[in-house]
Amino acid sequence: MALRMSTLFLRTLREDPADAELPGHKLLVRAGYIRRAAPGIYTWLPLGLKVRAKVEAIIREEMDAIGAQEVQFPALLPREPYEASNRWSEYGPNLFRLKDRRDNDMLLGPTHEEMFCLTVKDMYSSYKDLPLSLYQIQNKYRDEARPRAGILRGREFIMKDSYSFDINEAGLQKSYDAHRDAYTKIFNRLGFEYVIVQADAGAMGGSASEEFLAVSDLGEDTFVRDDAGYAANVEAVEVPQAPAVEITAGPAHVENTPDTPTIETLVAALNANHPREDGRSWTAADTLKNVLVMLAHPDGTREPLAVGLPGDREVDPKRLETKVAPAEIEPFEESDFKRYPMLAKGYIGPGVLGEEKASGIRYLLDPSVAEGSAWVTGADEHGKHVLDLVYGRDFTADGTVQAAQLREGDLGPNGRALTLARGVEMGHIFQLGTKYAEALGLKVLDENGKLVTVTMGSYGVGVTRAVGMIAEDNLDDIGLVWPREVAPADVHVVATGKDDAVFLKAAEIVNELEAQGLDVLYDDRLKVSPGVKFKDAELIGVPTILVLGKGLADGTVELKDRRSGERRDVPVEGAVTEVLREVKGEVAGA
Ligand code: ATP
Ligand code: MG
């Protein structure tokens, strides 16, 4: 049935909503697709549901095509399975936890590995039952620290999540590849410009993992690529360890460097008071900066960590966090310094850092610090630095960590220069292996009658995030411009004026269009001016707009293309055919 604007539950807004940041999000609210119910929590209105249903339909088609079967698990879940997998605590503050009336711990599912695993365990017991892939399209709950950008990062959102079950590694690889192909098709159909990047497996555990990132400056994810096809999320990049160099520095020496608690002040003081023999001036890259953070473990304990890296680099908290997961990173506070009196703030050096040193604080170095290289770094006394301190000769560390902010031109794992760009994570595929199956005891009998642990994969697509991202990618100054495959309707028929004949003809055309299988949005409002109707049509963003008005007296109607703005008069008798040509033509040629 056509959506009739005279009765449609819709109120378009001329003003931007105060709580929306991104252009697409503002338009989704203004055009009546979604409304905010609470931070990160959204209500879906009729037009929004239409778009969402189309995105879901594409996903279903591609999942069904690889033989995955749709199921639906509850979102409200008991604690025990998540306790068994350790995620009740590992998930940290992102997990919505609650109690039932009997004081049992419950949670709102952030993702469903445990539940799928247990259900398969309940129902299946033999290798003959495998391989198996199951999926659902369902609400997920995560108490995100920074719900932003509307539905791009919600606290309640919809995910398509699937899980594969195989008897061995080779089977898992097959299931993984099938999902990878399906995702490629899904994101092609959704019209994203995306890259597939190597990902960090993060809180999910497991090994091989890739993300589908929509390339966009709006993205919170930074990824790198080289010119040989390597692409990875910065969290997953392993830059090579700088090879050892020959020691050229003389013995280390401590110098007075008063009032130099920052790299900037230190470099200025070095150049002013400690010029190098070879005349080169000091730069931040000659200094070794030691950054302290606190790791907050899921069990509530805190543990200090020191990261040593060149002074011209910063620690990338996201990269570091993936290395210390499930711990989260918190700042090292003044009160923490009080507990470690050997740390001279602003002048901290490797003299006191390390598990075997005075502080006992674990000390990890950036891989760009080469054995044999000489550094200026803190001398662990206020107002003093040590020069010519050679790594390997004069100081050591407890290991290395891949946590520095990457820069354009840094060498990647292939030894090639990396370029950086931003993206929004639309999908994520993981080879979980046996982590969950082991924790929850999912075993089946193999061909020889031996019990073997099932190996799993897990795969997610952000459904509501996809709607949000399509909106961000498809808009202009006056409104949304939906790609045909996901538009809330194929055509928006607008009847203007007060002439009954116009409305009668419009209703007739709407019926014909529907009979041809098209989804129609019909502006049949009687007391609304043509100007308002046109503005609404532009805002709502259905790709083809058919206007019936004064021209009807001369036998013509107007056909508008929302994206190009092109408009042309067509004879009213040919209107349906013309609309069909626009709609089908573009779909076929897409
Ligand atoms: P992010 O890094 O953006 O927080 P994630 O890695 O935590 O995402 P996954 O656990 O891999 O997300 O979830 C699978 C998919 O679900 C993601 O690729 C993304 O498309 C979607 N998704 C995750 N979190 C959210 C959210 N808060 N709001 C909307 N969609 C989300
Ligand atoms: Mg992810």
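Brief remarks on what is shown
- Residue order for ARG14, ARG567, fewest other beta carbons within 10 angstrom first, comes to ARG14, ARG567.
- Computed over the chain, relative contact order equals 18 percent, with contacts defined as Cα pairs under 8 Å that lie 6+ residues apart.
- Between the listed residues LEU292, SER373, ALA506, the Cα displaced farthest toward the positive end of the dipole of the chain, a dipole computed from Cβ unit charges relative to the Cα centre, is found at ALA506.
- P(r) for the chain, from all Cα pairs and a bin width of 10 Å, is 3, 14, 20, 20, 17, 13, 8, 4, 1, 0 %, short bins first.
- Each other residue within a Cβ distance under 9 Å of LEU3 adds +1 if Lys or Arg and -1 if Asp or Glu, for a net charge of +1.
- When each of LYS50/LYS160; LYS527/LYS560; LYS318/LYS435; LYS54/LYS443; LYS318/LYS384; LYS140/LYS560 is checked by Cα-Cα distance, pairs over 28 Å: LYS54/LYS443; LYS318/LYS384; LYS140/LYS560
- Derived scalar couplings ³J(HN,Hα) [the range 125-137; Karplus, 6.51 cos²θ - 1.76 cosθ + 1.60; whole Hz; x for Gly, Pro]: 9, 10, 4, 5, 7, 10, x, 9, 10, 10, 9, 9, 10
- Spatially proximal aspartates and glutamates relative to LYS99 (Cα-Cα < 18 Å; intrachain offsets below 8 disregarded): GLU80, GLU83, ASP143
- Ranked by the mean number of other Cβ atoms within 10 Å of their residues, highest first, the peptides 296-302, 312-318, 540-546 fall in the order 540-546, 312-318, 296-302.
- Under the convention that each Lys and Arg Cβ holds +1 and each Asp and Glu Cβ holds -1, the size of the dipole of the chain around its Cα centre is about 1680 debye.
- Principal axis box of the range 15-104, alpha-carbon based, largest edge first, Å: 48, 39, 24
- Among 249-255, 383-389, the peptide with the highest mean count of other Cβ atoms within 10 Å heads the list, and the full ranking is 383-389, 249-255.
- Relative contact order of the range 316-396, pairs being alpha-carbon contacts under 8 Å that are 6 or more residues apart, as %: 24
- Cβ-based exposure ranking for TYR141, TYR33, in which fewest neighbours within 10 Å come first: TYR141, TYR33
- Anisotropy class of the range 51-133 from Cα gyration tensor, a/c 1.5 cut: oblate
- The shape of the range 208-356 comes out oblate: with a ≥ b ≥ c from the C-alpha gyration tensor, a/c is at least 1.5 while a/b does not beat b/c.
- Loop GluC sites (Glu not before Pro), the range 1-103, which have at most 15 other Cβ atoms in a 10 Å radius of their Cβ (DSSP): GLU15, GLU21
- Fewest-first ranking of TYR194, TYR135, using other Cβ atoms within 10 Å as the exposure measure: TYR194, TYR135
- Local electrostatic count at ASP103 - Lys and Arg +1, Asp and Glu -1, tallied over other residues with Cβ under 15 Å: +2
- Reachable lysines from LYS26, criterion Cα separation under 16 angstrom, eight or more residues apart if same chain: LYS535
Every number in this text was worked out from the coordinates using simple rules, so none of it is lab data. These figures come from a predicted structure and were not determined experimentally. A quick note on method: Cβ atoms are made from the backbone with ideal geometry, for glycine too, and the neighbour counts reach across all protein chains shown.
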